[in-house]
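The next block holds one structure in the form of structure tokens; read it before the comments.
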Amino acid sequence: MIKGRLRVPGDKSISHRAVMFGSISKGITRITGFLNGADCISTISIFKKMGIDIEMNGTSVIVKGNGLHGLKRPDSILDCGNSGTTTRLVSGILSAQNFTSILTGDKSIQKRPMNRIINPLSLMGANIESNVGFAPLTITGSSLHGIEYNSPVASAQVKSAILLAGLYADSKTTVTEPAKSRDHTELMLRKFGANLITDKNTVTISPTTELFASDIEVPSDISSAAFFMAAAILVLGSELILENVGINPTRDGIIRVLKSMGADIEIINPSNTFEPVADIKVCYSKLHSTTISGELIPTLIDELPLLAAVATMAEGKTIIKDAQELKVKESNRIKVMCEELSKLGVKVLETDDGMEIIGTDRLSGNVTIDTHDDHRIAMTFAILNLISDGEIKLNNSKCVEISYPGFFCDLKNINI
Ligand code: S3P
């Protein structure tokens, strides 16, 4: 049974942004609840290489910002590790600096599409050389122009790269997305003094001469809490309270979908500082199938592998569509989920933009899952291991450290 209370680590997206925006602000930014997973540590090391004084003490981080024009030329390659957020957002900032720098990352990062940022940033006047659309990226800073950009993808990383470049441009920059992606950049940049106007799926940023430091309390990551929501829903007799979870409406699709599938989820103690936060009570529930598509997709993009796994226990056929973006995450999450769920005897169909999962009442086990070094795939199957007949082994469980270093320890502690 999954019982008790749990506070999962800080939000990955917000932790990255707090370090980045703190670094290019004037003054001291004190971050609490920081996620010290591998991805956010890559962001810290990149800004340290550009001369920013950053001290990390557990989940507290102090960033001594040097102002909008205070970054120094790094004397070696900037390594983003596994982090797409670091690669894409930092590219927006580097496009406007008065030096050349090289950004790269691990094998997975070098396979992730970068034309989605290279194209709009080049329209602004950026000078970026790539390996035919992939990292390494060599970025030579230039003076930038404001643009009006219609993004072909709903992506917060793309939107944020453009908005960050827009801080340095000679006129306003507008980004419109096909569906609204997470808006942490907009909320936090405003807190640091930037001027942004949002209207539905469109954001306009005005250039500025300076940002000003602001303390940031990072809420727990809903994308990490999601694994434990799923655990409590799937394991008979469970009742769990997840504390202080960020429930920004651009991220809460997981809660909306699970509820629509019949899950017993209650939002308690909501509060709103600069990001909405609440405790979430989740109990064991019988589920039925659903269709996940359209504007919902960006609000739960990182939770789709987990939702596919949960759907194996829902009565009927669950359909996930409009989710092509899953193919270009840390792994091809459509293909990987279909292949790995099949190993457990699940009937699952891979489609061009998602998958279809037929609910069942038992999962076979005694299999080894290939995580493809993807942290969310690893955690997803660790949750299914709670309810499978035999043991589900993971070929690389260490990759959970990308976003949730204490994952297995937390899972052990609440599984009583
Ligand atoms: C993120 C945006 C999303 C998400 C990623 C974090 C961010 O990526 O999948 O884990 O912090 O902006 P896309 O913008 O590529 O959809």
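The values are calculated or read from the model by the stated rules, or taken from the named source; none is laboratory data. These figures come from a predicted structure and were not determined experimentally. Reconstructed Cβ throughout: ideal geometry from the backbone, glycine too, with neighbour counts over all protein chains shown. Quick note on the areas: whole protein, heavy atoms, side chains included, nothing else; ligands and nucleic acids left out. Shrake-Rupley method; radii C 1.70, N 1.55, O 1.52, S 1.80 Å.
Evaluated against (1) away from the ligand (no atom under 16 Å from the Cβ); (2) open to solvent by 40 Å² or more (accessible area, probe 1.4 Å), Ile54 falls short on exactly one condition, (2). All of Ser342, Ser403, Ser388, Ser331 fail the test of being small (Gly, Ala, Ser), open to solvent by 50 Å² or more (accessible area, probe 1.4 Å) and on the phi < 0 side of the Ramachandran plot, apart from Ser342. Selection of first residues in the range 313-325 that are of a type in the set (Val, Ile, Thr) and at pLDDT 95 or above and of second residues that are within 13 Å of the ligand (Cβ to nearest atom) and assigned to a helix (DSSP H, G or I), restricted to Cβ pairs under 7 Å at least 6 apart or on distinct chains, gives the following pairs, ordered by first then second residue: Ile320/Leu304.
Restricting attention to the range 331-369, report how many residues are assigned to a loop (DSSP other than H, G, I, E, B) and either small (Gly, Ala, Ser) or over 17 Å from Ile297 (Cβ atoms) (or both). Here the count works out to 12. The number of residues in the range 282-309 that are within 18 Å of Asp221 (Cβ to Cβ) and either in a strand (DSSP E or B) or of a type in the set (Val, Ile, Thr) (or both) comes to 3. Every residue in the range 234-281 that is over 17 Å from Leu6 (Cβ atoms), β-branched (Val, Ile, Thr) and outside any loop (DSSP other than H, G, I, E, B), please. Once the filter is applied, which keeps residues that are over 17 Å from Leu6 (Cβ atoms), β-branched (Val, Ile, Thr) and outside any loop (DSSP other than H, G, I, E, B), the range 234-281 yields only Val257.
Taken together, the criteria exclude Val218 from residues that are more than 22 Å from Gly65 (Cβ to Cβ) and either open to solvent by less than 30 Å² (accessible area, probe 1.4 Å) or small (Gly, Ala, Ser) (or both). The residue that is farthest from the ligand (Cβ to nearest atom), counting only those in the range 289-301 that are open to solvent by 20 Å² or more (accessible area, probe 1.4 Å) and either of a type outside the set (A, V, I, L, M) or out of contact with any helix residue (DSSP H, G or I) (no Cβ under 8 Å at 6 or more places or on another chain) (or both), is Ser289.
What are the residues in the range 1-41 that are hydroxyl-bearing (Ser, Thr, Tyr) and under 14 Å from Thr86 (Cα atoms), if any? Answer for the range 1-41, where residues must be hydroxyl-bearing (Ser, Thr, Tyr) and under 14 Å from Thr86 (Cα atoms): Ser13, Ser15, Ser23. Considering Ala226, Ala311, the condition of being of a type in the set (Gly, Ala, Ser), in the same structural domain as His372 (by TED's automatic domain parsing) and closer than 26 Å to Asn82 by Cα is satisfied by Ala226 alone.
Yes or no, residue by residue, for (1) among the aromatic types (Phe, Trp, Tyr); (2) closer than 26 Å to Lys327 by Cβ; (3) part of a loop (DSSP other than H, G, I, E, B):
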site	(1), (2), (3)
His372	no, yes, yes
Ile383	no, yes, no
Ser388	no, no, yes
Lys393	no, yes, no
Val400	no, yes, no
Phe408	yes, no, no
Lys412	no, no, no
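For the range 353-371, the criterion of being away from the ligand (no atom under 15 Å from the Cβ), under 30 Å from Cys80 (Cβ atoms) and free of Cβ contacts under 8 Å to residues at least 24 places away in the same chain is met by none of the residues. Restricting Glu266, Glu275, Glu243 to those that are under 16 Å from the mean Cα position of the chain (by Cα) and more than 30 Å from His145 (Cα to Cα) reduces the list to Glu275.
For Asn98, indicate whether it is away from the ligand (no atom under 16 Å from the Cβ), surrounded by fewer than 20 Cβ atoms within 10 Å (Cβ to Cβ) and either closer than 30 Å to Val277 by Cβ or in the same structural domain as Arg376 (by TED's automatic domain parsing) (or both). No: the conditions fail for Asn98. Only one entry of Lys286, Lys281 meets the criterion of being under 21 Å from Asn248 (Cβ atoms), away from the ligand (no atom under 16 Å from the Cβ) and charged (D, E, K, R), and that entry is Lys281.
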